[in-house]
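Read the structure below first, then the notes.
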Amino acid sequence: MIYIIAILTILFVVLTFKVISQTRKIINKNKAAESDPSYQGAPDSANNINAAGLLIFWILAVIATTWSYIHYSQYFLPEASSVHGRQTDFWFWVSMAIITVAFFLVNSFLFVFSYLYRHSGKRKAAFYTHNNTLEVVWTTVPAVVMTGLVLSGLVVWSEITSDAPEDAEVIEITGRQFAWMVRYSGEDGEFGKSNYKLMNDGEGNPLGLDFTDPNSYDDFYNSTELHIPKGKPVLLKIKARDVLHSVFIPHMRVKMDAVPGMPTKFWFIADKSTDEMKAALGDSEFDYEIACTEICGKSHFGMRMVLKVDEPEDYAKWKREQKPILTLNPDLLVHVPEKLKARALRYIEADALPAANDSTAVAAAVEIN
Amino acid sequence: MAAHSLAEEHGHAEHGHEEHHEQGFFSKYVFSLDHKTIAKQYLISGILWAVLGGLMSVIFRLQLAFPDMDMTFLKPFLGHWINESGKLDNNFYLALVTMHGTIMVFFVLTAGLSGTFSNLLIPLQIGARDMASGFMNMISYWLFFIAGVLMFISLFLPHGPAGGGWVIYPPLSALEEANPGSGTGMTLWLVAMAIFIASSLLGSINYVTTTLNLRTKGMSMSKLPLTIWSFLFTAVLGILSFPVLFSAALLLIFDRSFGTSFYLSDIYIQGQALPNQGGSPILFQHLFWFLGHPEVYIVILPAFGITSEIISTNSRKPIFGYKAMILSMLGIMVLAFIVWAHHMFVTGMNPFLGSIFMLLTLIIAVPSAVKGFNYITTLWRGNLIFTPAMLFAIGMVSFFVSGGLTGIILGNAALDIQLHDTYFVVAHFHLVMGSAAFFSMIAGVYHWFPKMYGRMMNSTLGYIHFWISFIGVYMVFIPMHYIGIAGFPRRYYQWSGFKVFDTFADLNIVITIAAAITVFAQFIFIYNFFYSMFKGKKASANPWKSNTLEWTTPVDLGHGNWPGEIPTVYRWPYDYSKPGAPDDFIPQNVPFSATPESNTPEENELIAKEKEIENIKYDHSIPD
């Protein structure tokens, strides 16, 4: 690659000097022939070179664009793994086809006209000031095309942003400098209340769970992987802890900002499991990834989380294996009000109980276990 | 181009003699009230800023193409921003990206473009001796200068300049603990921008007032060159939208320094829950983009005007669809105010609002397309002279078309989900507004240099400059679209942490090399510019055989522009290659009575009214 660039660079420099020296010669010759000294902008003989240059540029550009487009298209949109993703991909390629045609067509007119109508002393330009029919035509045609694209876009957009189905799997994802954290509602299917004022990294409560709400006792969280079931609607409830972030899952065509103080959401159906993608791509290392796309500070580029799309039964099994936040951080028990202690203790493993706990709590724990 | 109502004409005091008062160095070159000098001040400031902004882009492009590169050689310039292992500091990377954006958008393409050409051309093309208020004009430049000094100082702060992206979204920009650039660097950014806005408003008010009130005899609105129309629309956009950015900045200053919560709510950072509640970061985004979107038209409308003028002159052909051009600019101006939230489709804004803004956004593509078609039809059957200015103007049209097309995809909310904040967006706006406006600015300099300095720029160097820049820009931004389609996020220090973004290493190298060559090619222009200023060939009064009024002034034009009376205007500015006329151009100040051979029947009827125009009396109490 480097060598090709080096050769091209040298070629480019040599050609540039060639063009300069040629142009200079011609210009100098032309100057003598100049009749009207006050007409300093009169076309010099470089005029034809520049006109030809524009045409040659365009021919080369068409070749280069076409080749590079075909060559690199293998890396374009990574394979869509969500239902709405294939829909937006379809409309992306439809729009792309339209604008590619327009790109080649309009630029061709521009450069071909530049060449065809280069200055000639024998000819006078046409005095062609306006043509209302033409104006109407080229106002209407883009307007009609736009209307078509807008309508398709509106339909797809309103489907994607519609309310999630009732049975959607709800998962909360929170952005922080510089990592993602996900929370699941646990076996009761209800998220416990949370409050940013209760957040405490040191205590093991980075999401600010409110332990006066018993729904929070079985909530579990993960800071390395997001697991979701295949083929089932998943509703991401998106939050941010410090600054703006944005959840971006390239393969799922999912992107939504995480805003402090304003929870957002995005729902989608992933229909290719991680294992299926591994097999399809022949890449045993493959994983879906989550990135951040809203500038959030110095390690913005490092907010990576792995997304695992599991078969529904694997997903259910994985969920059962996860330990609630309370189980992992038994010291959080101090935030549980006295009358709810018994319920909370179900989630505390016996050997993890703080030594200083009062005997009734221990007794209750033993009883439940 | 039928009969014009002349009753509304207002003019300027005619002194009929040149003012000969001695000026000292300071009042002539520094605190000058002369619109031409102020234009040059804006231009040279703009060039200096462009050099800085361009070099910044080379540094961060190096980082993106060669993430493992040893950058120790930059240590003499960047000091501790290159760490012990020779790596670019990642906070400074963000600062570079932020400052590149801020400098290019505001200091180069707003102040450098509008400031230069509105100041230079409005009085000269409408036939006025100076701006409505020379004093306000001077204040406008010096406020811009102060804003620039503050922004420049921020580059040398120990914690670096602002680093939250040029859009400075809070809370990142509001909390010093979130980002080192959000400390003093951000304070200076905000203060500099507040002063910049004041400067821009003073300038814009002047442009509007001058255009509406100081036109010469016969210069009705329907005879204005498209340049003036575009400057007028730009100024109106600026007056109505910049104050909103000011309010956004002011509220951010309150949040940063006085404990308010306009944009802050529910934040836990570095082990601390902040007391702020009830604010909304989205509010800032709405306020920011209420300027931010019109801003791209503030950048591109003057580019349209300059391009129209240059293409028409060098095609030796009237601009095609003069009225359609004005109407499409008017349409763009009005629509520019109601499309801002297409920058916010995935911010969590109500999806219904997203639908509305998608609809409005795609409507704005229509007048933009009309402009492109009109330019191309102007070339059709022309007699094209490829001066450096003409080449750059054609390049501008090509960039505008190529870059504008991808806007159709980004304006579609459903498709924007995947592409938002990826390199597809970066490639899109760099082509459609960055490079296009930059090219028109360069084109304008080549074209009006003879009016600014009385000398010609070297055209051979101009051709070389064009070809390297033109090919270079496409080599940078076409591949960048590919990277964007693959989903690469912008403002990433490196991508190798992600498997999905671990491709395209070769294309990133191509882009960086092309970008570096393009940036360094601009030094050819800078050399040409300063060399020609002193050593260039002496220009004639009308070197391009152009129709507009500025070419009726003498080569060494002093204060007041015309030594005698200001010329009277009889015709539109695009009478090129008129059938029957001996020359291929008829300047605006040539009466129809002098061109019986080329007049249309309607124009022959206008001859009777010429005396009426000439006898218009102006209010002489208006000072020069």
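The values are calculated or read from the model by the stated rules, or taken from the named source; none is laboratory data. Since the model is a prediction, treat every value here as computed from it, not as a measurement. With ideal geometry, Cβ positions are generated from the backbone for all residues, glycine too; neighbour counts draw on all protein chains shown.
Suppose we filter the range A:33-55 for residues that are part of a loop (DSSP other than H, G, I, E, B), among the small types (G, A, S) and within 8 Å of chain B (Cβ to nearest Cβ); how many remain?
Total satisfying the criteria: 3.
Output the residue which, of all residues in the range B:304-351 that are away from chain A (no Cβ under 13 Å), among the aliphatic types (A, V, I, L, M) and more than 30 Å from B:I417 (Cβ to Cβ), is surrounded by the fewest Cβ atoms within 10 Å (Cβ to Cβ).
Of everything passing the filter in the range B:304-351, B:L330 is surrounded by the fewest Cβ atoms within 10 Å (Cβ to Cβ).
Can you list the helices (runs of 4 or more DSSP H) found entirely within the range A:269-348 that contain at least 1 residues being within 14 Å of chain B (Cβ to nearest Cβ), more than 26 Å from A:T161 (Cβ to Cβ) and in contact with a strand residue (DSSP E or B) (Cβ under 7 Å, 6 or more places away or on another chain)?
Helices (runs of 4 or more DSSP H) meeting the threshold: A:274-281.
Could you check the range B:147-172 and list, in sequence order, the residues that are touching a Ser or Thr at 6+ places or on another chain (Cβ under 8 Å) and in a helix (DSSP H, G or I)?
B:A147, B:G148, B:M151, B:S154
Search the range A:121-145 for residues being outside any helix (DSSP H, G or I) and more than 7 Å from every other protein chain (Cβ to nearest Cβ), and hand back the single one that is surrounded by the fewest Cβ atoms within 10 Å (Cβ to Cβ).
Of everything passing the filter in the range A:121-145, A:K122 is surrounded by the fewest Cβ atoms within 10 Å (Cβ to Cβ).
Just wondering, is there one or more residues in the range A:161-179 that are closer than 30 Å to B:F501 by Cβ, buried (at least 22 other Cβ atoms within 10 Å of the Cβ) and touching a His at 6+ places or on another chain (Cβ under 7 Å)?
Yes, because at least one residue in the range A:161-179 is closer than 30 Å to B:F501 by Cβ, buried (at least 22 other Cβ atoms within 10 Å of the Cβ) and touching a His at 6+ places or on another chain (Cβ under 7 Å).
How many of the residues in the range B:371-408 are more than 7 Å from every other protein chain (Cβ to nearest Cβ) and among the aliphatic types (A, V, I, L, M)?
4
Quick one: in the range B:517-526, of everything that is away from chain A (no Cβ under 11 Å) and not aromatic (F, W, Y), which residue is nearest to A:L8 (Cα to Cα)?
Looking at the filtered set, the residue picked out is B:T518.
Identify all residues within the range A:176-192 that are in contact with a Gly (Cβ under 9 Å, 6 or more places away or on another chain) and assigned to a loop (DSSP other than H, G, I, E, B); write none if there are none.
Passing the criteria: A:Q177, A:F178, A:S185, A:G186, A:G192.
Out of (1) at the interface with chain B (Cβ under 10 Å from one of its Cβ atoms); (2) at pLDDT below 75, what's the single condition that is false for A:W58?
(2)
Please work out which one of (1) in a loop (DSSP other than H, G, I, E, B); (2) of a type in the set (A, V, I, L, M, F, W, C); (3) within 21 Å of B:S222 (Cα to Cα) is the condition B:W544 fails and give its number.
(3)
I'm checking my understanding of the structure. Among residues of the range B:561-580 that are farther than 20 Å from B:R129 by Cβ and either of a type in the set (A, V, I, L, M, F, W, C) or without any contact (Cβ under 8 Å) to a residue 60 or more places away in the chain (or both), which one is surrounded by the most Cβ atoms within 10 Å (Cβ to Cβ)?
B:K578
Consider the range A:105-114. How many of its residues are surrounded by fewer than 19 Cβ atoms within 10 Å (Cβ to Cβ) and touching a helix residue (DSSP H, G or I) at 6+ places or on another chain (Cβ under 6 Å)?
Selection size over the range A:105-114: 1.
Keeping to the range B:135-172, report how many residues are more than 30 Å from B:V30 (Cβ to Cβ) and either among the hydrophobic types (A, V, I, L, M, F, W, C) or modelled with pLDDT of 95 or more (or both).
Number of matching residues: 5.
Output the number of residues of the range B:581-615 satisfying the condition of being more than 14 Å from chain A (Cβ to nearest Cβ) and either closer than 21 Å to B:W229 by Cα or in a loop (DSSP other than H, G, I, E, B) (or both).
Number of matching residues: 6.
If A:L198 satisfies all but one of (1) at negative phi; (2) away from chain B (no Cβ under 11 Å), what's the number of the condition it fails?
It is condition (2) that A:L198 fails.
I need the full set of residues from the range A:278-293 which are touching a residue at least 40 places away in the same chain (Cβ under 8 Å) and in contact with a helix residue (DSSP H, G or I) (Cβ under 8 Å, 6 or more places away or on another chain), in order please.
The answer is A:Y288, A:E289, A:A291, A:C292.
So, in the range B:554-580, exactly how many residues are over 18 Å from A:T129 (Cβ atoms) and within 14 Å of chain A (Cβ to nearest Cβ)?
Here the count works out to 2.
Could you say whether any residue in the range A:146-159 is at the interface with chain B (Cβ under 7 Å from one of its Cβ atoms), in contact with a His (Cβ under 9 Å, 6 or more places away or on another chain) and either under 20 Å from B:G403 (Cβ atoms) or β-branched (V, I, T) (or both)?
The answer is yes, given that some residue of the range A:146-159 is at the interface with chain B (Cβ under 7 Å from one of its Cβ atoms), in contact with a His (Cβ under 9 Å, 6 or more places away or on another chain) and either under 20 Å from B:G403 (Cβ atoms) or β-branched (V, I, T) (or both).
What's the number of the condition B:S546 fails, among (1) surrounded by fewer than 21 Cβ atoms within 10 Å (Cβ to Cβ); (2) of a type in the set (G, A, S); (3) facing chain A (nearest Cβ under 10 Å)?
Condition (1) is where B:S546 drops out.
Within the range B:233-246, is even one residue modelled with pLDDT of 95 or more and in a loop (DSSP other than H, G, I, E, B)?
No, the conditions are met nowhere in the range B:233-246.
May I ask you to list the residues in the range B:74-117 that are among the β-branched types (V, I, T) and either at pLDDT below 90 or outside any helix (DSSP H, G or I) (or both)?
B:I82
Scan the range B:198-225 residue by residue and report those that are under 19 Å from B:W572 (Cβ atoms) and out of contact with any Asp or Glu (no Cβ under 9 Å at 6 or more places or on another chain).
Result: B:T211, B:L212, B:S222, B:K223, B:L224.
Which pairs have Cβ atoms under 6 Å, sit 6 or more apart or on different chains, and link a residue in the range A:222-251 that is under 22 Å from B:F501 (Cα atoms) to one that is of a type in the set (K, R)?
Correct list of pairs: A:E225/A:K308; A:H227/A:K308; A:F248/A:K255.
In this structure, does A:N205 turn out to be on the phi < 0 side of the Ramachandran plot, within 11 Å of another protein chain (Cβ to nearest Cβ) and buried (at least 20 other Cβ atoms within 10 Å of the Cβ)?
For A:N205, the condition - on the phi < 0 side of the Ramachandran plot, within 11 Å of another protein chain (Cβ to nearest Cβ) and buried (at least 20 other Cβ atoms within 10 Å of the Cβ) - is met.
Just give me the residues in the range B:248-285 being crowded, with 21+ Cβ neighbours inside 10 Å, touching a Lys or Arg at 6+ places or on another chain (Cβ under 8 Å) and of a type outside the set (V, I, T), in sequence order.
Passing the criteria: only B:Y268.
Please find, among A:Y75, A:Y69, the residue that is under 28 Å from B:F470 (Cα atoms), aromatic (F, W, Y), at the interface with chain B (Cβ under 7 Å from one of its Cβ atoms) and out of contact with any strand residue (DSSP E or B) (no Cβ under 9 Å at 6 or more places or on another chain).
Only one candidate passes the filter, namely A:Y75.
So for the range B:432-450 (the condition being touching a residue at least 60 places away in the same chain (Cβ under 8 Å), within 11 Å of chain A (Cβ to nearest Cβ) and not aromatic (F, W, Y)), does at least one residue qualify?
Yes, because at least one residue in the range B:432-450 is touching a residue at least 60 places away in the same chain (Cβ under 8 Å), within 11 Å of chain A (Cβ to nearest Cβ) and not aromatic (F, W, Y).
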